[in-house]
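S.K.: The following block contains the structure, expressed as C-alpha coordinates.
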Amino acid sequence: MRRIRRPVPPAALWVSGLLVLIAARAVYLSATHSESETSVEFLVEGDYDVEAVTGGYGLILRRASPNGDGTLERARVRLLGVRAPPGLAEREAAEIAGQSAVMLERMVGGKSIQVRLDRRRIDRDGVFLAYVSADGMLLNEALLRAGLARLALSEGDSQSVGRQLRKAEAEARQAGRGIWKPTF
(Lines give C-alpha, C1' and ligand atoms only; values in the text may rest on other atoms or scores of the structure.)
Protein backbone atom coordinates (compact mmCIF):
# COMPACT_ATOMS: atom_id res chain seq x y z
CA MET A 1 0.00 0.00 0.00
CA ARG A 2 1.38 3.35 -1.01
CA ARG A 3 1.16 6.30 1.41
CA ILE A 4 0.11 9.63 0.07
CA ARG A 5 2.13 12.52 1.48
CA ARG A 6 0.16 15.56 2.36
CA PRO A 7 1.84 18.93 2.04
CA VAL A 8 2.79 20.66 5.29
CA PRO A 9 0.21 23.33 6.06
CA PRO A 10 1.55 26.91 5.71
CA ALA A 11 0.58 27.67 9.32
CA ALA A 12 2.83 24.87 10.58
CA LEU A 13 5.75 26.25 8.56
CA TRP A 14 5.09 29.72 9.92
CA VAL A 15 4.97 28.48 13.53
CA SER A 16 8.17 26.47 13.04
CA GLY A 17 9.94 29.50 11.61
CA LEU A 18 8.74 31.67 14.47
CA LEU A 19 10.03 29.18 17.04
CA VAL A 20 13.43 29.10 15.33
CA LEU A 21 13.59 32.92 15.42
CA ILE A 22 12.64 33.01 19.11
CA ALA A 23 15.30 30.44 19.96
CA ALA A 24 17.94 32.30 17.92
CA ARG A 25 17.07 35.58 19.68
CA ALA A 26 17.36 33.92 23.10
CA VAL A 27 20.78 32.52 22.22
CA TYR A 28 21.92 35.92 20.91
CA LEU A 29 20.71 37.78 23.99
CA SER A 30 22.31 35.34 26.38
CA ALA A 31 25.60 35.61 24.49
CA THR A 32 25.61 39.42 24.35
CA HIS A 33 24.51 40.20 27.92
CA SER A 34 26.44 39.09 30.92
CA GLU A 35 24.71 38.51 34.22
CA SER A 36 26.20 41.77 35.50
CA GLU A 37 24.24 43.78 32.89
CA THR A 38 20.56 44.65 32.85
CA SER A 39 18.43 46.58 30.39
CA VAL A 40 16.61 49.41 32.10
CA GLU A 41 12.84 49.42 32.10
CA PHE A 42 12.69 53.19 32.33
CA LEU A 43 15.28 55.82 31.55
CA VAL A 44 16.17 58.57 34.00
CA GLU A 45 17.93 61.83 33.27
CA GLY A 46 21.60 61.93 34.07
CA ASP A 47 25.10 61.04 32.94
CA TYR A 48 25.81 57.92 30.89
CA ASP A 49 28.66 56.39 28.91
CA VAL A 50 28.06 55.53 25.26
CA GLU A 51 28.55 51.86 24.52
CA ALA A 52 27.73 52.11 20.83
CA VAL A 53 26.23 54.29 18.13
CA THR A 54 23.35 52.48 16.41
CA GLY A 55 22.55 53.79 12.99
CA GLY A 56 22.61 57.52 12.48
CA TYR A 57 20.23 58.51 15.25
CA GLY A 58 20.58 56.02 18.09
CA LEU A 59 22.87 55.13 20.97
CA ILE A 60 23.30 52.31 23.43
CA LEU A 61 24.00 53.86 26.82
CA ARG A 62 25.40 52.31 29.96
CA ARG A 63 26.10 53.28 33.56
CA ALA A 64 26.63 51.64 36.91
CA SER A 65 23.39 50.68 38.60
CA PRO A 66 22.46 53.18 41.35
CA ASN A 67 21.66 50.33 43.77
CA GLY A 68 25.40 49.73 44.20
CA ASP A 69 25.37 46.00 43.41
CA GLY A 70 28.01 46.35 40.70
CA THR A 71 25.69 45.70 37.77
CA LEU A 72 25.62 47.83 34.65
CA GLU A 73 22.42 49.32 33.29
CA ARG A 74 22.02 49.52 29.53
CA ALA A 75 19.46 51.43 27.47
CA ARG A 76 18.80 51.97 23.77
CA VAL A 77 18.09 55.63 23.03
CA ARG A 78 17.04 57.43 19.87
CA LEU A 79 17.60 61.17 19.57
CA LEU A 80 14.32 63.00 20.16
CA GLY A 81 13.16 65.52 17.59
CA VAL A 82 15.20 64.20 14.66
CA ARG A 83 14.59 61.51 12.05
CA ALA A 84 16.05 60.11 8.90
CA PRO A 85 15.19 62.26 5.90
CA PRO A 86 12.25 60.80 3.97
CA GLY A 87 12.12 60.40 0.22
CA LEU A 88 15.80 59.81 -0.44
CA ALA A 89 16.98 57.06 -2.74
CA GLU A 90 18.35 54.02 -0.88
CA ARG A 91 21.97 54.91 -1.62
CA GLU A 92 21.52 58.53 -0.52
CA ALA A 93 19.67 57.48 2.66
CA ALA A 94 22.48 55.06 3.55
CA GLU A 95 25.08 57.76 2.87
CA ILE A 96 23.31 60.27 5.15
CA ALA A 97 22.84 57.67 7.91
CA GLY A 98 26.51 56.73 7.64
CA GLN A 99 27.64 60.36 7.85
CA SER A 100 25.34 60.87 10.83
CA ALA A 101 26.75 57.80 12.62
CA VAL A 102 30.32 58.98 12.01
CA MET A 103 29.46 62.43 13.35
CA LEU A 104 27.83 60.94 16.46
CA GLU A 105 30.87 58.68 17.05
CA ARG A 106 33.14 61.71 16.82
CA MET A 107 31.00 63.76 19.23
CA VAL A 108 30.54 61.07 21.90
CA GLY A 109 33.74 59.01 21.61
CA GLY A 110 35.20 58.44 25.08
CA LYS A 111 32.97 61.05 26.69
CA SER A 112 30.29 60.96 29.31
CA ILE A 113 27.02 62.24 27.88
CA GLN A 114 24.01 63.83 29.51
CA VAL A 115 20.47 62.63 28.88
CA ARG A 116 17.49 64.96 29.16
CA LEU A 117 13.92 63.73 28.76
CA ASP A 118 10.73 65.29 27.46
CA ARG A 119 7.09 64.20 27.62
CA ARG A 120 7.55 61.66 24.83
CA ARG A 121 9.86 59.06 26.32
CA ILE A 122 9.44 55.94 24.18
CA ASP A 123 8.92 55.53 20.44
CA ARG A 124 6.58 53.04 18.79
CA ASP A 125 9.39 50.44 18.73
CA GLY A 126 9.93 50.66 22.49
CA VAL A 127 13.18 52.63 22.20
CA PHE A 128 13.75 55.49 24.65
CA LEU A 129 13.68 59.04 23.26
CA ALA A 130 15.95 61.74 24.67
CA TYR A 131 17.85 64.93 24.11
CA VAL A 132 21.52 64.00 24.42
CA SER A 133 24.42 66.38 25.08
CA ALA A 134 28.18 65.87 25.03
CA ASP A 135 30.55 68.63 26.15
CA GLY A 136 27.58 71.01 26.33
CA MET A 137 26.59 70.38 22.70
CA LEU A 138 23.10 69.04 21.99
CA LEU A 139 23.63 66.14 19.56
CA ASN A 140 20.07 66.38 18.25
CA GLU A 141 20.72 69.99 17.22
CA ALA A 142 24.17 69.25 15.78
CA LEU A 143 22.77 66.64 13.37
CA LEU A 144 20.10 69.07 12.16
CA ARG A 145 22.64 71.88 11.76
CA ALA A 146 24.85 69.58 9.66
CA GLY A 147 21.88 68.69 7.44
CA LEU A 148 22.06 65.01 8.42
CA ALA A 149 18.52 64.74 9.81
CA ARG A 150 15.04 66.19 9.49
CA LEU A 151 13.11 67.82 12.27
CA ALA A 152 10.53 65.51 13.87
CA LEU A 153 8.71 67.26 16.68
CA SER A 154 5.36 66.27 18.12
CA GLU A 155 2.77 68.19 20.04
CA GLY A 156 3.84 68.29 23.67
CA ASP A 157 7.59 68.31 22.97
CA SER A 158 9.52 71.12 24.65
CA GLN A 159 8.82 74.42 22.90
CA SER A 160 12.19 75.92 23.84
CA VAL A 161 14.14 72.93 22.51
CA GLY A 162 11.81 72.90 19.49
CA ARG A 163 12.76 76.49 18.65
CA GLN A 164 16.45 75.58 18.98
CA LEU A 165 16.02 72.56 16.68
CA ARG A 166 13.94 74.51 14.12
CA LYS A 167 16.64 77.17 13.98
CA ALA A 168 19.35 74.53 13.39
CA GLU A 169 17.39 72.92 10.54
CA ALA A 170 16.68 76.31 8.95
CA GLU A 171 20.38 77.17 9.14
CA ALA A 172 21.34 73.92 7.38
CA ARG A 173 18.70 74.46 4.72
CA GLN A 174 19.83 78.05 4.07
CA ALA A 175 23.51 77.03 3.92
CA GLY A 176 22.74 74.03 1.68
CA ARG A 177 24.30 71.44 4.00
CA GLY A 178 23.76 67.67 3.92
CA ILE A 179 20.32 66.78 2.61
CA TRP A 180 19.77 70.40 1.68
CA LYS A 181 22.55 70.38 -0.94
CA PRO A 182 21.13 71.14 -4.37
CA THR A 183 22.65 67.87 -5.70
CA PHE A 184 20.86 65.67 -3.11
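The values are calculated or read from the model by the stated rules, or taken from the named source; none is laboratory data. Everything numeric here is computed off the predicted structure, so don't read it as measured data. Here the Cβ is made from the backbone with ideal geometry for all residues, glycine too, and neighbour counts use every protein chain on show.
S.K.: Does Tyr57 meet the test of being touching a helix residue (DSSP H, G or I) at 6+ places or on another chain (Cβ under 9 Å) and hydroxyl-bearing (Ser, Thr, Tyr)?
M.R.: Yes: the conditions hold for Tyr57.
S.K.: Name, by its number, the condition in (1) in contact with a strand residue (DSSP E or B) (Cβ under 9 Å, 6 or more places away or on another chain); (2) modelled with pLDDT under 90; (3) not charged (D, E, K, R) that does not hold for Leu143.
M.R.: Here Leu143 meets the rest and fails (2).
S.K.: Suppose we keep only residues that are more than 15 Å from Pro85 (Cα to Cα) and among the small types (Gly, Ala, Ser) within region 144-167. Which one would you say is surrounded by the fewest Cβ atoms within 10 Å (Cβ to Cβ)?
M.R.: Selected residue: Ser160.
S.K.: Taking into account only those residues within region 120-172 that are in contact with a Phe, Trp or Tyr (Cβ under 8 Å, 6 or more places away or on another chain) and among the β-branched types (Val, Ile, Thr), which is nearest to Val50 (Cα to Cα)?
M.R.: By that ranking, first place goes to Ile122.
S.K.: Is at least one residue of region 104-126 touching a residue at least 60 places away in the same chain (Cβ under 8 Å), more than 24 Å from Gly156 (Cβ to Cβ) and surrounded by fewer than 17 Cβ atoms within 10 Å (Cβ to Cβ)?
M.R.: The answer is yes, given that some residue of region 104-126 is touching a residue at least 60 places away in the same chain (Cβ under 8 Å), more than 24 Å from Gly156 (Cβ to Cβ) and surrounded by fewer than 17 Cβ atoms within 10 Å (Cβ to Cβ).
S.K.: Give the residues of region 67-86 that are more than 12 Å from the chain's Cα centre (by Cα) and farther than 14 Å from Arg150 by Cβ, sorted by residue number.
M.R.: Passing the criteria: Asn67, Gly68, Asp69, Gly70, Thr71, Leu72, Glu73, Arg74.
S.K.: Continuing with this model, one more query. Could you identify the single residue in Ala93, Ala175, Ala97, Ala89 that is free of Cβ contacts under 8 Å to residues at least 60 places away in the same chain, under 16 Å from Gly55 (Cβ atoms), surrounded by fewer than 21 Cβ atoms within 10 Å (Cβ to Cβ) and more than 14 Å from the chain's Cα centre (by Cα)?
M.R.: The unique qualifying residue is Ala93.
Residues checked against (1) assigned to a loop (DSSP other than H, G, I, E, B); (2) among the aliphatic types (A, V, I, L, M):
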| position | (1), (2) |
| --- | --- |
| Arg74 | no, no |
| Ala93 | no, yes |
| Gly98 | no, no |
| Ala101 | no, yes |
| Leu129 | no, yes |
| Gly156 | yes, no |
| Gln164 | no, no |
| Ala170 | no, yes |
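S.K.: A follow-up question, please. Could you please give the count of residues in region 39-71 that are more than 17 Å from Lys111 (Cα to Cα) and either surrounded by fewer than 18 Cβ atoms within 10 Å (Cβ to Cβ) or touching an Asp or Glu at 6+ places or on another chain (Cβ under 7 Å) (or both)?
M.R.: 13
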